[in-house]
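The values are calculated or read from the model by the stated rules, or taken from the named source; none is laboratory data. Fair warning: this is a prediction, and the values are worked out from it, not measured in the lab. With ideal geometry, Cβ positions are generated from the backbone for all residues, glycine too; neighbour counts draw on all protein chains shown. Calculation scope for accessible area: heavy atoms of the full protein, side chains included, ligands and nucleic acids excluded. Shrake-Rupley method; radii C 1.70, N 1.55, O 1.52, S 1.80 Å.
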Amino acid sequence: MTEALNRPATPLRLTRPVLRQTTLTLIVATYIMLVLNLGFWGHVARVFDDSPLQMAVFGLAFWALTVLTLEFFGPWRLQKPVAALLILMAAGAQYYERNFGVVIDREMVRNVFQTTFAESRHLVTSGSIWQIGLTGALPAALVFWPRVQRLGPWHQLWRWPLGVALAFALLAGALFSQFKAFSAAIRAQSELTATYQPGATIAALAKYGKEQWRTADTVVRPIGTDARPGPRLAAAQKPVLLVIWAGETARAQNFGLNGYARDTTPGLRERGVINFADTRACGTSTAVSLPCMFSALPQADYSRAAFLGQENLLDVLARTGMDVQWHDNNTGDQRIATRTGWSQVDATLDPAACKVECTDEVFLPLIEQTMATMTRNTVLVLHMIGSHGPAYYLRYPQERAVYQPECKTSEFSACTVEQIVNTYDNTILQTDYVLSRSIDMLAAADRVVPAMIYMSDHGESLGEDGLYLHAAPSFMAPDVQTKVPFVMWLSPAFRQTMALDDTCLQAAARAPASHDNLFHSVLGLLDVTTSVRDPGLDLTAACRTAETG
């Protein structure tokens, strides 16, 4: 009895369950479909709301597709690592879809690969870590817990193709049982496949990888080889300076000049800029819109491969002898300035503007330095951080936080829509402040002939229809992500030198415009003679006066 009492207690051990290989695959597929595809099921319920049978069969088809994916990519000992990876992939995609309305497609994958640390860290919040950890990391770790009864390597030679074939047969059988209804739904309702995880993410990665491979050794075709200064530019008595502000995430609907309820652009209004109030962007992300803006390609013909396959606006301008500079406070030049060069701004330009991250005020000393030292015609492209989210509160100093209360976090779930909109509107006020100060600096210059253009790359969703941020696929992109602000300011000296009629330009600004116009309008504005300029897309073409200045 005493010995029994003194015997050390046997430690409690959890017995690892033993599963067949197929059983583990079916469990993982079921978890992914039921827990990590809530957005997908929401669209399925909406599309097939009048037919529960079709809803069930359609869901069965995509469950079979998940099994097929696990079987195809995870044979034998690859099963657990592949299953864990797909769970993490689906959990991450679902978090950003559910919280921001983000859909993972090729352009979103490009954004991920091209983002900076400063930009990406704002998307990694305590909420994202907690939710992705609970629904992704923990289940992925549990995949490695059970022991799996596996057939030997020789048996895998028939088991793997058999598993793939059976899953494919179930997928095909389910789809073809209601083929007419399902094929019509998939064609008409792109969000069905766009929200299915991990399939949508795998497809996006494959498309991005294919595009990168195809464009790796692209031969760049020269354009505008006949470009030269026109008579007005050649006759200019002083160097001409055009500042092009490439805006970030500013949407037209919150621009005071465009009739927004708040006057978020008081400075630009006072300075009498030419405002193109109805301007549409080429895309909904920087990786698409920015290259498209500077390309000669219209939106209808634009693709990443086509853009990389020919020169762009900066190349044509440089060919005329202009000094073309690109300075960046964002994610880089997106391969626009590959041949002309670019630089990243930092705190050495203005420490006060870079207390946490650099606001766009950091560009102002650069403009001043350029005006003081330039000796030839110059185009200064300034790629702004603008209104980039979700950390809107970092885009302006606190003294310009006019609209209160703010959302002082990157985690939108911790803020009301009112706070998010207030903070976003403060970023537009900051952009107005920076542009207004730059206009004042240019207007005071006595050794250059200055002009300025501001055009945003894309807009932003602020909670409308459950969407936040940007980069929505074209099939579902709302106007708030595609309509952007676009303004010009021309000094009296510039208008006289280039023989441009301000009244005519103000009238032209009332017509619809788009990113397609930038390439041709800059060439026209600067009086660059070249066959690549399309007068039909040059917003200044009809506004030349008879005088040459």
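Here are some notes:
- Per residue accessible area in Å² of the range 162-304, where ligands, DNA and RNA are left out and the probe is 1.4 Å: 44
- Summarising the overall dimensions of the range 316-390 from its C-alpha atoms, the Rg and Dmax are 13.2, 41 angstrom.
- Stretched out straight at 0.36 nm per residue, the stretch from residue 447 to residue 34 would grow longer than its current Cα-Cα span by 141.9 nm.
- Column: log10 I(q)/I(0), Debye, Cα scatterers of the range 225-355, q = 0.20 Å⁻¹: -1.32
- Rg to Rh quotient for the chain, alpha carbon positions, Kirkwood Rh: 1.08
- Distance between modelled label sites at residue 348 and residue 77, nm, 7 Å Cα→Cβ extension: 5.2
- In plain terms, the chain from residue 545 to residue 355 could stretch by 63.7 nm, reckoned as 0.36 nm per residue minus the Cα-Cα distance.
- Length-normalised contact order of the chain in % [C-alpha pairs under 8 Å, at least 6 apart]: 20
- Taking label positions 7 Å along the Cα-Cβ direction at both residue 228 and residue 207, the computed distance is 4.5 nm, reported to one decimal.
- Residue 219-residue 474 FRET efficiency (beta carbon distance; Förster radius 41 Å; 0.05 resolution): 0.90
- Pairs of alpha carbons in the range 381-503 separated by more than 20 Å make up 53% of all such pairs.
- Most to least packed among 431-443, 162-174, 68-80, 478-490 [average Cβ atoms within 10 Å]: 478-490, 431-443, 68-80, 162-174
- Segments 537-544, 89-96, 139-146 sorted - mean Cβ within 10 Å per residue, highest first: 89-96, 537-544, 139-146
- Shown for the chain: the carbon plus sulfur share of the solvent-accessible area, taken with all protein chains present and a 1.4 angstrom probe, equals 60%.
- Using only side-chain charges placed at the Cβ, +1 for Lys and Arg and -1 for Asp and Glu, the dipole size of the range 253-363 relative to its Cα centre rounds to 280 debye.
- Karplus-derived 3J(HN,Hα), 6.51/-1.76/1.60, for each residue of the range 43-54, Hz, glycine and proline x: 5, 4, 5, 5, 6, 10, 5, 9, 9, x, 5, 4
- Dipole in debye (nearest 20) - the range 383-510, about Cα centre, beta carbon charges: Lys, Arg +1; Asp, Glu -1: 380
- Convex hull volume per residue for the range 79-219, taking Cα atoms only, in Å³: 188
- Solvent-accessible surface of the range 460-532, taken per residue with a 1.4 Å probe and all protein chains present: 33 Å².
- Helix-only [θ]222 nm of the chain, DSSP H runs n ≥ 4, -39500 (n - 2.57) each, per residue, nearest 500: -13500 deg cm²/dmol
- Tilt relative to the chain, helix 364-373 - C-alpha long axis, 0 to 90 degrees, to 10: 40
- The range 319-338 residues near the modelled residue 238 label - backbone nitrogen below 18 Å, point 7 Å along Cα→Cβ: 323
- Each peptide in 122-133, 213-224 was scored by the mean count of other Cβ atoms within 10 Å over its residues; highest first, the order is 122-133, 213-224.
- Each Lys and Arg Cβ is given +1 and each Asp and Glu Cβ -1; about its Cα centre, the range 427-473 then shows a dipole of about 280 debye.
- Here the extension length gained between residue 305 and residue 157 equals 49.3 nm, from 0.36 nm per residue of separation less the Cα-Cα distance.
- Shape of the range 33-91, Cα gyration tensor, a/c cut at 1.5: oblate
- Alpha-carbon centroids, the range 304-378 and the range 188-249: separation in whole Å: 16
- When Rg and Dmax are taken over the Cα atoms of the range 195-288, they come to 21.4, 62 Å.
- All Cα pairs of the range 251-300, percent lying beyond 19 Å: 42
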